[in-house]
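Visitor: Structure in structure tokens, see below.
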Amino acid sequence: MASSSSSAPDSGSLVAGHYNDRPNVDVHQREESKILRLKNFNNWTKSVLIAHYCKRDYSVLDMGCGKGGDIQKWGLAKIKEYVGADIADVSIKQAQERYRDRPPGYPATFLALDCYSVRFPIPAQFITHPQNIFHPMSPYISLHSSFRQNSLAPLLPPNQTFDLVSMQFCLHYSFETEAKARQMLTNVTSNMVSGGWFIGTIPEANWIVKRLRGVPREGDPALPEAERTEPLKFGNSIYSIRFEQPEPFGKFGCKYWFHLEDAVDCPEYLVHFPTFQSLASEYGLELRLKTGFHEFYKTMACESEFALLLKRMKVYDRGESMSEEEWEAAGECYAVFIGRSFLRTRVSGVKDSARAFGVKDEFA
């Protein structure tokens, strides 16, 4: 991956720009989406994760909360308090509006920050009304975007803890570099209780790489003429994935472009899961499970309450379900992960954790 010049925007600003420029879609426009059932399936997956692991009176940190699409899901879980953080300040404003329009029954704090470059807690001078943090009657707290370049000092109350941290469709951005991945894990674990849950959704890197290896290479007579200029690209009518460089891939900085109908088209990064596991263990986290959306669906849809939820959320609507192409875009491309905190005993003196733990560089 080529290095960027000093005048080029950093990747965090690029991602924020993509999401800030994305138009807000009303309910009617959403219903007209070509991938409505796919979006509903992704929402079902998140709903099941939250319902299964989030308990009543939990304090929740939602890193990469976006426009607040999960606000009502946390309300159904009867949580005690919520902190939502996202790199896109426009998204945070929309999340605040969504919270205000349909109060979910818990106090909330919303922060516009890059969770991979900034350390929690946040300094008081960047909060609009710091005296109202976690106050049920004044939950609309946000940060000025200029803070991103500052060294941060403690702000959150000394006894503030989180029972659960959620990262939905966003953790992979931290795998641009090891430093960003470590900062992400620092922010995940700094205020997490012992035994706290870490849940999220990430690209299914193994499937993506295997799929890439199956693409005919330039010069192969099986390669359609239209694809000879982009031999590192695959997908279907719903989505496409394009790599800039061929293998071998490293543990960090493995960039590709993911395009999905009606969604943000911006660079993403593969998450080498053994490396993720090794790093997480340094920060007191045990990653217990990673499973593709297909397998997660097969397991959880057997439970009656989640089977009914498939219909209520219109994954199955009017007797129709997702097309095969939608199933590939959702079920194969993404995975669920589950982690839990344990007594933190940081590994001292280990800089290259992947090598120290014997993790191989190549993908399975």
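No value in this document is a laboratory result; all are computed from the given coordinates. This one's a predicted model, so the numbers in the text were calculated from it and none came from an experiment. Every residue, glycine among them, receives a Cβ derived from its backbone with ideal geometry; neighbour counts consider all protein chains shown.
Visitor: Amide H to amide H, which residues 5 or more places from LYS314 or on other chains are under 5 Å from it, using H placed in the peptide plane?
Guide: The answer is none.
Visitor: Quote to one decimal, in nm, the extra length available between LEU308 and LEU76 on full extension: 0.36 nm per residue of separation minus the C-alpha distance between them.
Guide: Numbers: separation 232, 0.36 × 232 = 83.52 nm, distance 1.57 nm.
Stretched out fully, the LEU308 to LEU76 stretch lengthens by 82.0 nm.
Visitor: For the stretch 274-321, which trypsin sites (Lys or Arg not before Pro) pass both filters: DSSP loop (anything but H, G, I, E, B) and at most 14 other C-beta atoms within 10 Å? The partial results should precede the final answer.
Guide: On the way: sites: ARG288, LYS290, LYS298, LYS311, ARG312, LYS314, ARG318; in loops: LYS314, ARG318.
Of the trypsin sites (Lys or Arg not before Pro), the ones in loops of the stretch 274-321 whose Cβ has at most 14 other Cβ atoms within 10 Å are ARG318.
Visitor: Using only Cα atoms, locate the centre of the stretch 305-337 and the centre of the stretch 259-291, then give the distance between them in Å, rounded to an integer.
Guide: When both Cα centres are located, 22 Å separates them.
Visitor: List the residues, sorted by chain then number, that are 5 or more residues from ASP114 or on another chain and whose placed amide H is less than 5 Å from its amide H.
Guide: Result for ASP114 returns nothing.
Visitor: Assuming R0 = 22 Å, can you tell me the calculated FRET efficiency for the pair ARG288 and LYS210, based on Cβ-Cβ distance, to the nearest 0.05?
Guide: Details: r = 24 Å, r/R0 = 1.07.
Between ARG288 and LYS210 the formula returns 0.40.
Visitor: Taking θ = phi - 60°, what integer Hz values does the Karplus form 6.51 cos²θ - 1.76 cosθ + 1.60 yield along the stretch 79-92, in sequence order, with x for Gly and Pro?
Guide: Result, rounded to whole Hz: 6, 8, 7, 9, 10, x, 10, 8, 6, 8, 5, 5, 4, 5.
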